[in-house]
Every structure is written in C-alpha cells, then in structure tokens.
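Student: Take a look at the following structure, please.
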Amino acid sequence: MASSKSSDTVNEGASAGPTSRWDELREELCTHPDGGFNIGAACSDRHLAAGQGERIAVRCLGPRMQQRDISYAELADRSSRLAAVLIGLGLQPGDTVAVLLRRVPELFVSALGVLKAGGVYCPLFATFGPGPIRSRLGLAQAKVLIVADDLYARKVAASRAALPDLHHVLLVGEDGVRTVPPEDCLDFTTLVEAASPAAAIATRPTDPALLHFTSGTTGTPKGVVQSHRAMLAHLITGRELFGLEPDDIFWCTADPGWITNTAYGVIAPLACGATVLADEADINPRRWYGILADEKVTAWYTTPTAIRAMMRYGAALARSYRSNSLRVAASVGEPLNTEAVLWGQKALGVPFLDTWWQTEIGSVAIANCPSETQRPGSMGRVLPGIHAAVVKREGSHLEVIETPDIVGELAIRPGWPSMLSGYVGNGVLLGAGLHDGWYLTGDLVRRDADGYYWFVGRADDMIKCGGLQIGPFEVEGLLMNHPALAEVGVVGKPDLLLREVPVAFASLNPGFQAGDALRAEVLAFARQELGSAMAPRELHFIPELPKTIAGKIMRRVLKAKAVEEPEDIDPLPLSSPCAEV
Ligand code: PRX
C-alpha cells in the first residue's frame with residue numbers, strides 16, 4: 001500500500017491539539033534513535049528497556065478457562081522473530097498481512113510482528129464465512145495470511161486460486177500445538193522458533209499500519225487505513241479514560257476483527273505497559289462475572305449488548321461476584337441507554353462510561369470521562385484535541401450549527417492522530433472523503449448547552465413521520481423502561497399518509513409471556529411515554545434482535561421484516577437465560 005503523502009508531524013491538519021503534549025508522547029513512544037516510530041516496537045521492546053520484561057503482557061483464557069500467558073520479554077522476542085520471518089518471505093514495507101485468529105497469544109505476536117516488519121496489520125472476523133473473507137483478502141491485496149489451521153481448512157483453502165496476491169499462508173495450531181501444513185502453507189510456530197529476531201523497521205508516524213474493514217453486514221465493506229501515529233491517540237485515551245498504568249489488568253471484550261480490539265485489546269494497554277486479558281468466549285454473563293472477579297480485572301471495555309445481556313441475569317448475580325479490583329467500566333459501539341448506565345454502575349459498583357467513536361476515527365473521541373460529571377444516556381463530551389461540530393448539509397456546502405439542542409450530523413476535523421489516512425482501493429490509499437475540510441460521520445446527534453453529545457440515530461435511520469423526525473434511539477431508550485422488554489429495535493415502515501411510521505421489534509425478559517395482552521400494554525405505555533406521534537404503531541416480539549458481529553442492531557433487516565411480515569416473525573418461546581436471582 002502506498003504511504004500517505006502527508007507530513008511527518010503527528011498532529012498535522014486543521015485541529016488544534018496540544019502540540020507540545022503530542023511531541024512529548026511521541027518522544028516517549030519513539031524506539032529508534034533516528035526517529036523511527038513503530039507500534040510493534042513501542043508496545044513490546046520499549047518495555048524491556050524499562051525493566052518490565054517479566055511482567056505478563058497478555059493472558060489468554062481458552063474455552064475451558066485454561067490460561068496461556070506471555071510476558072513482555074516473550075512478546076518482544078516472538079514478534080521480532082515473526083518480523084524476521086515475514087521479511088525473509090519477501091514482505092515489503094506497506095504490504096498487507098491479514099490475520100484470522102481467535103483470542104490466542106499468536107494473535108498478539110502477529111499484530112506486533114507484522115507492524116515491526118513494516119507491514120499493515122489487517123485482522124478479520126473469524127465468524128465470517130468464506131465469501132466475506134475472500135472479498136476482504138482481495139480488496140486488501142493481502143500478501144500473507146496468518147490463520148488458525150481449522151479456519152483455513154473451512155474458510156480459505158477453497159479460495160486460494162481466486163487470490164493471486166496471497167503469496168504465503170502461515171498456519172497456527174491455536175491450542176499451541178504445531179500443525180502439519182498442507183503443501184501450499186507454512187507452519188507459523190516452526191518458522192518463528194527457527195528465526196533470529198529482527199530489529200523493527202524504522203517506520204515513520206505517517207506510514208500505513210492498520211487496515212480494518214467496516215462491517216459488510218450494514219453496507220459495502222470499506223477498508224479504513226490508519227498510520228503508526230494512531231498509537232498516540234491509543235496511549236492517551238488508554239491513560240486518561242481508563243487510567244491505564246503497568247499495574248492494570250485491562251479486558252476488552254471486542255472481537256479481534258473489530259478495530260475496538262486492535263485499539264483497546266492490543267495497542268492501548270500494551271503501549272501503557274499493562275496486562276491484557278483476552279477471553280475466548282463470547283458474551284456469557286456467569287463466566288464474565290467470574291473472570292472480572294478471579295482475574296482481578298481493573299478496567300473493562302465492553303458493549304451495550306453485553307451489558308444488556310448481563311442485565312437479563314439480574315443485579316443479584318452481579319453483586320454475588322462483586323470484584324474489589326475493578327475501577328472503571330465502559331461501553332462502545334451502540335447507544336447506551338440511561339437505564340443500562342445506571343444498572344451497570346449499580347451492579348458493578350464502579351463508573352460505567354459511554355464512549356463514542358468509529359472505525360474511521362480510530363480511537364475514543366467523545367466520552368463521559370471519569371474526571372467529569374457524567375450525563376447517563378449521553379455519549380459525553382469531546383476529548384481534548386478533538387475538534388467536532390454539529391453540521392447541516394446545505395447542497396454542497398456545510399453549515400455549522402452553534403445553537404444547542406439542534407439535531408445535525410456529527411463532523412470531525414482531521415488532525416487527531418488516529419483519524420483515517422484514507423480508504424483502501426486496489427492496494428493504494430484513496431482520500432478520506434472530506435467535505436469543506438470536515439469528515440462527516442453519518443451519525444445524527446445534538447449537543448446540549450454544556451457540550452454533551454446525545455446520539456439520535458444514523459443519518460439514514462431517522463424515521464420521517466409526517467413533519468416529525470423521529471430518532472429510533474430515543475424511542476428505543478424509552479421503551480426499554482418497560483420491565484418486560486430486554487432489547488428493542490425501532491425502524492420506519494412506509495406509510496401512505498405520513499411517509500413513515502415507527503414500528504418496534506422487541507425481545508422479552510424472562511418471566512414475561514408474549515401475546516396480544518402484553519403487546520397492547522407496551523404500546524399503551526409507549527403512547528403514554530412518547531406521545532401518540534412518536535409511539536410505535538406496531539410491536540413485534542422476536543426471540544433475538546438481528547445483530548452484526550460487532551453487536552449492532554441490523555435495522556436494514558428489521559426494516560425488511562417490517563414491510564414483509566404483518567404478524568410476529570418467529571414463533572415463541574424465547575431463548576431465555578436463567579431467571580432473575
Ligand atoms: O453509529 C455509531 C455507532 O457505531 C458507529 C461506528 O461503528 P464502527 O465503525 O463499527 O465502530 C468502531 C469502534 C467503535 C458509529 O458511527 N456507535 C459507536 N459508539 C456509539 C455509537 N452509537 C451510539 N453511542 C455510542 N457510544
């Protein structure tokens with residue numbers, strides 16, 4: 001991938017960040033005497049010089065809770081050996097290496113090793129099928145793939161002929177055993193053990209480092225590229241939002257294919273010298289409460305879906321596992337309703353923060369910071385160094401809305417270190433698509449008089465009902481106050497008279513029976529709480545809301561269901577977890 005042509009400063013662009021602070025951080029993260037700036041080296045080698053080699057860098061919990069620990073010294077050594085392997089295989093600076101692994105130590109070795117070799121780290125979702133994996137490998141023009149042996153056999157092997165750029169495949173036996181690779185693959189562990197460690201390439205801050213595809217289930221996949229300087233934003237948000245220090249045990253529950261894992265499951269905690277915890281299991285309330293307590297997790301980053309799943313199991317279960325170690329918890333990816341914030345704080349006994357960002361922004365940009373007064377239900381305020389605005393598109397021109405509480409699109413000025421360098425197309429960086437010097441997020445928000453941002457919906461999710469614009473999240477947040485509802489998704493359904501009317505899809509908490517009586521009760525509650533103009537006209541009970549892998553409600557799917565299906569979509573009963581304890 002061709003490198004960005006922008007200057008070498010970490011904070012170039014329109015945003016006025018605290019330059020001297022960035023310069024200090026840049027110096028702290030620099031591992032090369034000649035100014036080379038490499039995420040892989042800064043997250044591992046740098047800590048050895050500070051005498052932290054024996055500290056656990058990563059603890060991975062397997063399906064049966066078996067632990068695989070890797071110290072900073074081991075992480076530095078193995079990632080440098082992998083860098084040597086990749087360079088030996090002909091990897092050139094800027095070439096993409098795709099990684100398709102679960103949460104195992106080799107995932108961390110791979111991320112840092114690829115970056116040390118000057119490559120671009122491109123993680124993929126292991127839960128994707130062969131088609132989406134093939135299309136992403138093709139779009140990225142990946143030269144090397146590091147993949148779990150079983151995933152290769154099931155999801156990649158049949159696509160090799162359609163991937164002419166993919167020169168090498170390195171197979172990982174994820175339970176630590178060596179694999180016997182087929183003829184056209186290599187064994188990761190054998191190669192890494194046989195190699196001598198290579199020094200990290202002295203990349204520049206603006207050299208491409210990370211490539212993530214935003215979810216294809218909500219639109220066409222887009223390859224978003226960040227450069228090595230992104231780690232400045234990861235370090236600063238790790239420290240200031242999560243308070244990360246070397247003594248911390250940080251757990252980010254994001255899937256390895258999501259940028260949330262790269263930023264906060266790998267780079268931020270390792271740049272801060274903390275211990276990363278990674279758990280193989282997906283959302284599993286009992287197991288997760290146990291992990292928070294037994295592993296003495298100090299800071300936890302999760303999603304609204306996870307916290308709502310935990311809510312279904314009741315606060316008493318949470319209290320029975322209450323950990324004295326936890327300091328802070330936070331959520332990202334979807335709107336976090338007020339009820340979930342308050343529940344999380346009470347159940348976990350620590351501040352529970354909403355944070356907002358996007359793949360394109362690369363790190364948290366808006367948050368309810370621990371040092372400020374929180375406004376539950378809001379996304380919080382912009383972090384220092386971020387230049388944000390609420391804007392309205394007026395033809396090809398943008399109008400910045402200064403008046404509080406007016407809904408508009410959230411826009412961000414480039415200049416924040418982790419902002420995208422551009423989208424990838426045919427192996428080269430295309431522009432980041434700015435409008436009047438702003439990056440438009442596609443999110444509709446309002447900012448109150450105190451600077452707190454409130455999420456209203458995606459620009460294309462707004463329900464236009466008569467003269468009224470209805471934000472689905474506002475309706476969902478209020479409906480969630482009804483005790484029967486576990487999760488709610490609201491979408492617009494075409495209407496001859498009003499253009500669109502809101503309709504709701506909901507799953508139920510244990511102990512509630514779907515049926516006409518409950519439907520009538522919830523709709524009456526909605527009319528009472530929201531007023532008849534905003535209240536959903538229909539309510540469908542479904543066992544689970546359709547979600548992307550990242551846990552976002554797939555409104556597109558709900559919209560299709562709203563049009564096609566006049567009655568309930570799936571037969572009940574619910575797939576209910578255990579009852580409230
Ligand atoms: O719509 C916003 C929603 O998720 C989108 C970003 O998705 P993605 O690029 O997959 O995220 C990567 C890392 C977070 C945003 O445009 N979103 C994210 N956080 C929040 C949110 N919506 C409401 N509240 C949030 N805190």
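Student: Considering the options Val172, Ala195, Ile267, tell which one lies farthest towards the positive end of the dipole of the chain, charges being +1 on Lys and Arg and -1 on Asp and Glu at the Cβ, about the Cα centre.
Tutor: Val172
Student: I would also like to ask the following. Can you compute the modelled spin-label distance between Gln92 and Leu186, with each label point 7 Å from Cα toward Cβ, in nm?
Tutor: 1.8
Student: What residues have an amide H closer than 5 Å to that of His540, excluding those fewer than 5 places away on the same chain, when H is modeled at 1.01 Å from N in the peptide plane?
Tutor: So His540 has HN proximity to Ala504, Phe505, Ala506.
Student: Sticking with this structure for a sec: Would you calculate, for the chain, the mean residue ellipticity at 222 nm contributed by helices, counting each DSSP H stretch of 4 or more residues as -39,500 (n - 2.57) and dividing by all residues, to the nearest 500?
Tutor: On the way: 16 runs with 151 residues, N = 581.
Helix contribution divided over all residues of the chain: -7500 deg cm²/dmol.
Student: Can you put Glu27, Glu399 in order of Cβ neighbours within 10 angstrom, beginning with the fewest?
Tutor: Final ranking by Cβ density, sparse to dense: Glu27, Glu399.
Student: What FRET efficiency do you get for Met554 and Thr127 if R0 is 22 Å and r is their Cβ-Cβ distance, rounded to the nearest 0.05?
Tutor: 0.90
Student: Right, here's the next one. Between the alpha-carbon centers of segment 549-563 and segment 332-398, tell me the distance in whole angstrom.
Tutor: 23
Student: Fewest to most neighbouring Cβ within 10 Å: what's the order for Cys272, Cys252, Cys122?
Tutor: In increasing order of surrounding Cβ atoms, one gets Cys272, Cys252, Cys122.
Student: If you put +1 on each Lys and Arg Cβ and -1 on each Asp and Glu Cβ, how big is the dipole of segment 461-563 around its Cα centre, in Debye rounded to 20?
Tutor: Approximately 380 debye in magnitude.
Student: Please give the FRET efficiency for Ser196 paired with Arg64, using the beta carbon to beta carbon distance and R0 = 30 Å, rounded to the nearest 0.05. Don't jump to the answer; show the numbers that get you there.
Tutor: Working: r = 35 Å, r/R0 = 1.17.
The value I calculate is 0.30.
Student: Would you mind estimating how fast segment 149-291 diffuses translationally, via Stokes-Einstein at 25 °C and 0.890 mPa s with the Kirkwood radius over Cα pairs, in µm²/s?
Tutor: 135
Student: Hey, another quick one. Near Lys222, which aspartates and glutamates are there with a Cα under 12 Å away, not counting those fewer than 8 places off in the same chain?
Tutor: Cα-Cα hits under 12 Å: Glu360.
Student: Relative contact order for the chain using alpha-carbon pairs under 8 Å, separation at least 6, rounded to a whole percent? Please report the intermediate quantities before stating the final value.
Tutor: Numbers: 1300 pairs, mean separation 71.9, N = 581.
Averaging sequence separation for qualifying contacts and normalising by length gives 12 percent for the chain.
Student: Next up: Got the relative contact order for segment 212-293 handy, in percent, Cα pairs under 8 Å and 6 or more residues apart?
Tutor: 26 percent.
Student: Could you let me know the centre-to-centre spacing of segment 168-247 and segment 108-139, using Cα atoms, in angstrom?
Tutor: Measuring centre to centre over Cα atoms gives 8 Å.
Student: What is the spin-label model distance, in nm, from Asp436 to Ala520 if the labels are put 7 Å beyond Cα along the C-beta direction?
Tutor: So the two model labels end up 5.2 nm from each other.
Student: Please report, largest first and rounded to whole Å, the three semi-axes of the ellipsoid equivalent to segment 242-301, where each semi-axis is the square root of five times an eigenvalue of the C-alpha gyration tensor.
Tutor: Numbers: eigenvalues 64, 45, 10 Å².
So the equivalent ellipsoid measures 18, 15, 7 Å along its semi-axes.
Student: Given a Förster distance of 60 angstrom, what is the FRET efficiency for Asp450 paired with Arg55, based on the Cβ-Cβ distance and rounded to 0.05?
Tutor: For Asp450 and Arg55, the calculated efficiency is 0.90.
Student: Normalise the Debye intensity by I(0) for segment 461-563, one equal point scatterer per Cα, no solvent, then take log10 at q = 0.20, 0.22, 0.23 Å⁻¹ and round to two decimals.
Tutor: -1.00, -1.20, -1.30
Student: Now a separate question. Rounding to the nearest 20 debye, state how big the charge dipole of the chain is about its Cα centre with +1 on each Lys and Arg Cβ and -1 on each Asp and Glu Cβ.
Tutor: 240
Student: If each of Lys464 and Arg393 carries a label point 7 Å out from its Cα toward its Cβ, how far apart are those two points in nm?
Tutor: It is 1.2 nm.
Student: Here's another thing I want to ask about it. State the answer as a single residue: which of Ala389, Gly531, Phe37 lies farthest towards the positive end of the charge dipole of the chain, with beta carbon charges of +1 for Lys and Arg and -1 for Asp and Glu, about the Cα centre.
Tutor: Gly531
Student: Can you put Thr302, Thr190 in order of Cβ neighbours within 10 angstrom, beginning with the fewest?
Tutor: Details: Thr302 24, Thr190 15.
Listing Thr302, Thr190 from fewest to most nearby Cβ atoms yields Thr190, Thr302.
Student: Same structure, new question: With the cut-off at 1.5 for a/c, could you classify the chain from its C-alpha gyration tensor as rounded, prolate or oblate?
Tutor: Verdict is prolate for the chain.
Student: Just check segment 151-200 against the gyration tensor rule for me: Cα atoms, a ≥ b ≥ c as the square roots of the eigenvalues, rounded for a/c under 1.5, and otherwise prolate or oblate depending on whether a/b exceeds b/c.
Tutor: Oblate is the answer for segment 151-200, as a/c is 1.5 or above yet b/c matches or exceeds a/b.
Quick note: the coordinates plus some simple rules give every number you see, no bench work behind them. Since this is a predicted model, take the numbers as computed values, not measurements. No Cβ is skipped: glycine too gets one built from the backbone with ideal geometry, and neighbour counts run over all protein chains shown.
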